[in-house]
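The values are calculated or read from the model by the stated rules, or taken from the named source; none is laboratory data. Please read these numbers as outputs of a predicted model, since none were measured by experiment. Note that we place each Cβ from the backbone using ideal geometry, even for glycine, and neighbour counts take in every protein chain shown.
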Amino acid sequence: KTRRRTSRQLERKRVLDKISQRQKREKQKAFVRQSEKDIHDARNEIERLRGVIQVMRVGSSRDACNINPVPLRPGSPHSGQVQHPVSMEPGPGAAPSPSAQEIKQPVIGCYCNPKTHKSYSDCFEQTVFDSLMTLNSNPTPIPPIPATPDIADLLFLRDPGDPVSEILYKLMRRPSMDNMVLLCAVYILAYRILRYRFFPSMKTYNDVPEWLRSTEFQDKIPHALYIDFVQFPRLRDAMVLGLVDIACIREDFDADFGRYLALDWPVSESFLITDSWRNTVLNPKFERIACTEESWSLSSSFGKKYPHLAPLVRI
């Protein structure tokens, strides 16, 4: 005997079918979104590994490229490990770099008073570690600081009011600053990284641009602190892995990196604006560009002077 549903039962079945179909569609959409995310992450990982492989190839063919292996300096985070970093010094018979005749930039040294460190990187690391120790030993917790630095701190117009700004005030303030746009962009990135280090949470972590967060190699291999602030992930990985040795040319590299670093910001546009209350504030567009990986590059002069690093950065 064929079963016949009542009109009420049929209506209930139609409702249940609609709910079931809706749930299936939602599951399919969620699956597609997750698949797209997995594909995106996989592509990023492939690009990162390509950069590392590229550097490893350079290291394995240093004879053809006139590159000589040199040992890491004593005290390096990787000293004591068997490694063959790539030296930037030209090999015998290599033609001198066309940039060798350029005027040598002043060496960035210690900013302590009195001077106590041999290099800017040593001064930077000691300053950060001392500030962290002071913060952790403070019985009164310091409230988290905002994601965007205060304009007065950004422009060094006052004594800093938080530990992150204190570090950047000491290490980034210069007697003569001819490129305030670039300086402020670098300040914003360094501020975000240090803010997360001093006040670790998911909120402060998410405020660090994804491309500036620690890579897998940075998380697993001990390395010099300054590497974490380099704008180019492939270069960071290569430095952490010891595939490129900056120690032998450290003073020149520090000066040249700052000299040739560029931000894709229109000259005609101001990075500061006036809001509706007539207060000077940071241009939101400037902050977005500063936090975008594609906005950062190094000039072709850097690529000519350091050809072995060119594949690892944006020229």
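Quick notes
- Test: Glu251 is assigned to a helix (DSSP H, G or I) and at pLDDT 90 or above: no
- Scanning region 126-155 for residues that are without any contact (Cβ under 8 Å) to a residue 40 or more places away in the chain, among the aliphatic types (A, V, I, L, M), surrounded by 12 or more Cβ atoms within 10 Å (Cβ to Cβ) and part of a helix (DSSP H, G or I) turns up just one, Ala152.
- Wholly enclosed helices (runs of 4 or more DSSP H) of region 156-215 bearing at least 2 residues more than 18 Å from the chain's Cα centre (by Cα) and closer than 23 Å to Asp254 by Cα: 163-172
- Here Asp237 meets the list (1) farther than 27 Å from Asn279 by Cβ; (2) not in a helix (DSSP H, G or I) almost entirely, failing just condition (2).
Matching residues to (1) among the β-branched types (Val, Ile, Thr); (2) exposed (fewer than 15 other Cβ atoms within 10 Å of the Cβ); (3) within 18 Å of the chain's Cα centre (by Cα); (4) assigned to a helix (DSSP H, G or I):
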{"site": "Val267", "(1), (2), (3), (4)": "yes, yes, no, no"}
{"site": "Arg278", "(1), (2), (3), (4)": "no, yes, no, no"}
{"site": "Lys285", "(1), (2), (3), (4)": "no, yes, no, yes"}
{"site": "Ser301", "(1), (2), (3), (4)": "no, no, no, yes"}
{"site": "Pro311", "(1), (2), (3), (4)": "no, no, yes, yes"}
{"site": "Arg314", "(1), (2), (3), (4)": "no, no, yes, no"}
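- Leading residue by the ranking (surrounded by the most Cβ atoms within 10 Å (Cβ to Cβ)) among those in region 191-211 that are in contact (Cβ under 8 Å) with a residue 40 or more places away in the chain and closer than 19 Å to Ser295 by Cβ: Tyr191
- Condition broken by Phe124, with the remaining ones in (1) over 21 Å from Ile246 (Cα atoms); (2) at pLDDT 70 or above satisfied: (1)
- Scope region 135-168; condition modelled with pLDDT under 85, closer than 18 Å to Tyr196 by Cβ and among the polar types (S, T, N, Q); matching residues: Asn136
To keep it simple, each residue is scored yes or no on (1) touching a helix residue (DSSP H, G or I) at 6+ places or on another chain (Cβ under 6 Å); (2) over 20 Å from Glu210 (Cα atoms).
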residue: Val230; (1), (2): yes, no
residue: Val244; (1), (2): yes, yes
residue: Ser270; (1), (2): no, yes
residue: Asn279; (1), (2): no, yes
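- Yes/no for Asp162 being over 21 Å from Gln126 (Cβ atoms) and free of Cβ contacts under 8 Å to residues at least 40 places away in the same chain: no
- Sole exception among (1) surrounded by fewer than 15 Cβ atoms within 10 Å (Cβ to Cβ); (2) in contact with a Lys or Arg (Cβ under 6 Å, 6 or more places away or on another chain); (3) not polar (S, T, N, Q) for Val230, by number: (1)
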